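The values are calculated or read from the model by the stated rules, or taken from the named source; none is laboratory data. For clarity, every value in this text was computed on a predicted model and none was experimentally measured. Ideal geometry is used to build each Cβ from the backbone, glycine not excepted, and the neighbour counts take in all protein chains shown. Side chains included, ligands, DNA and RNA excluded: accessible areas come from the protein's heavy atoms. Shrake-Rupley method; radii C 1.70, N 1.55, O 1.52, S 1.80 Å.
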Amino acid sequence: MGRLLAQSEPRVATRATPPPRLLRKPAFFTALLALGLLGGVVSTEAVLFYATGDPSHNTNAPTGALTNSGWQLQGRWGNFLGTPIGPKHFLTSKHLGGVSVGDPFWFDGVRYDTTAAFPDSQSDLQIWRICGTFPRFAPLYTGTNEVGQALVVFGRGTQRGTPVTTSGASGTKTNGWLWGTPDHVTRWGQNTVSDIFQDPSVGDLVQAEFNADGGPDECHLSTGDSGGAVFLEDGGTWKLAGINYSVDGPYNTTDSGDGFNAALFDQGGLYYQDGTNWVWTPPDRPREQPGTFYATRVSAHLVWVNSILNQVIPDNERVVLQSAETVTGLYADDSSAVVDEVPRTITLPQPGGPRFYRVRACAPLRITTIETAGANLILRYD
């Protein structure tokens, strides 16, 4: 298999499938904004299924063996998704446009304003820090044996469009479907990791084929799914293994014109774009030639991820307990207080006399209870 190339570079002759396009494309940016999207190289924006075009399919949390496979860890970032990976950080795609520090990230219906952004210079990953504390976050996949594993993937956006058909020696056949109407509905699908694709500009990508025999939830991606997560099961726990990045395409029925974007389980009989050229994919091969989607491989960037998670949180973004001797008195930071932002508790020694407390933070908070525990006080806040 050839390497993943930028579209302006010559194509490696041994590669049997078209080079993937980003799930957002700068050339389409203006048009996508006009449609109310925030995405662009071909941005992925929808989970599309082989078995059904029902727009309500897989729009609720998966159950059974797929319970807690990542749905409960998806947050809304503009028209896209992000995944909390620490008490104060979430991970998404770097190439998303229309978002900036200060914009809100929504998780479990709660708004968390962003306070800082950390793009990775070696990949399409970007970490954002938030004001507040997430109630839970995703464990990271740290293994290197992704190939062959079943995955669950999440995205938002388009419905499945009209069929794409071709004619060959065996007659007319359906090859897949055009991208349909954007609706930004969160959906989940299943697939299998087929390979690890090495891109010289963005590093390792987890690759998954859109196969006709993949089962009822076999899926592909389309414009706007960028930033959505890929989860793999590891030791009985579903872990974050990838962030949606790109898809194969665009395609064409001739060797000229603009072409079209589609989720194809067989690219045979169609042209794919290689730079400014259209290249023919012969039909009627013994094996169907599926299109694929690509996600940035999280395990290849763990050193960078941990370097961001381990940074000291600036003082103006931390929860700090302040106290005073009178309710209207001069409040000062209480150095004896130990704040745990995950359970939202503050522990400190019981004072020798009357004391009044308040919390300072980057978002409005309130103390809900004060109780004693031996020689200590425990304050709870929300």
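Measuring with a 1.4 Å probe in the full set of protein chains, what accessible area per residue, in whole Å², belongs to the stretch 49-90? It would help to have the intermediate numbers written out before the result.
On the way: 1550 Å² over 42 residues.
Value for the stretch 49-90: 37 Å² per residue.
Sort Glu341, Glu233, Glu218 by heavy-atom solvent-accessible area, probe 1.4 angstrom, most to least.
Glu233, Glu341, Glu218
Where the eigenvalues come from the Cα gyration tensor of the stretch 70-141, what are the semi-axes √(5λ) of the equivalent ellipsoid, largest first, in whole Å?
Values: eigenvalues 56, 41, 26 Å².
Gyration-tensor ellipsoid for the stretch 70-141: 17, 14, 11 Å.
Under a 10 Å cutoff between Cα atoms, tell me which one of Thr345, Thr158, Thr133 has the largest fluctuation in the Gaussian network model of the chain.
It is Thr345.
Order the following by accessible area, largest value first: His89, His57. Probe radius 1.4 Å; ligands, DNA and RNA are ignored.
His57, His89
For Cys362, what accessible surface area do you get with a 1.4 Å probe? Give it in Å², rounded to 10.
For Cys362, the solvent-accessible surface is approximately 50 Å².
Against the 2.2 N^0.38 Å scaling, with N counting residues, where does the chain land? I'd like the Cα-based Rg ratio to two decimal places. Mind dumping the intermediate values first?
Values: Rg = 24.2 Å, N = 382, 2.2 N^0.38 = 21.1 Å.
That works out to 1.15 for the chain.
Across 10 Å bins from 0, what is the distribution of all Cα-Cα pair distances for the stretch 132-260, in whole percents?
10, 36, 34, 16, 4, 1, 0
Excluding ligands, DNA and RNA, what is the solvent-accessible area per residue of the stretch 239-369 at a probe of 1.4 Å, expressed in Å²?
Per-residue value: 49 Å².
For the chain, set up a Gaussian network in which alpha carbons nearer than 10 Å are linked by springs, and say which option among Thr368, Thr144, Thr292 fluctuates the most.
Of Thr368, Thr144, Thr292, the most mobile in the Gaussian network model is Thr368.
Taking C-beta distances below 4.7 angstrom as the pairing criterion, name the unpartnered cysteines of the chain, in sequence order.
Cysteines lacking a close Cβ partner in the chain: Cys219.
With an 8 Å Cα cut-off and a minimum separation of 6 or more residues, compute the relative contact order for the stretch 108-181 in percent.
Value for the stretch 108-181: 19 percent.
Taking θ = phi - 60°, what integer Hz values does the Karplus form 6.51 cos²θ - 1.76 cosθ + 1.60 yield along the stretch 349-354, in sequence order, with x for Gly and Pro?
These are the phi-based 3J(HN,Hα) values: x, 5, x, x, x, x Hz.
In what order, largest first, do Lys94, Lys88 sit by accessible area if the probe radius is 1.4 Å? Don't jump to the answer; show the numbers that get you there.
On the way: Lys94 75, Lys88 15 Å².
In descending accessible area the options line up as Lys94, Lys88.
So what's the gap between the Cα centers of the stretch 226-294 and the stretch 295-331, to the nearest angstrom?
Value for the Cα centre distance between the two parts: 40 Å.
Report the residue, chosen from Pro343, Pro55, Pro351, that carries the largest GNM mean-square fluctuation when the chain is represented by alpha-carbon nodes joined by springs under 10 Å.
The residue that fluctuates most here is Pro351.
Would you kindly find the accessible area of Val185, with a 1.4 Å probe and non-protein molecules such as ligands, DNA and RNA excluded, rounding to the nearest 10 Å²?
Its heavy atoms expose roughly 50 Å² to the probe.
As a check on your grasp of the helix formula, calculate [θ] at 222 nm for the chain: sum -39500 (n - 2.57) over DSSP H runs of n ≥ 4, divide by the residue count, round to the nearest 500.
Counting only the DSSP helices, I get -1000 deg cm²/dmol.
If you take every DSSP beta bridge whose two residues both sit in the chain, what share of them, in percent to the nearest 5, is antiparallel?
Bridges in the chain are about 95 percent antiparallel.
Residue by residue through the stretch 112-119, which ³J(HN,Hα) values in whole Hz follow from phi under the Karplus form 6.51 cos²θ - 1.76 cosθ + 1.60 (θ = phi - 60°), with glycine and proline marked x?
10, 6, 7, 10, 6, 10, 10, x
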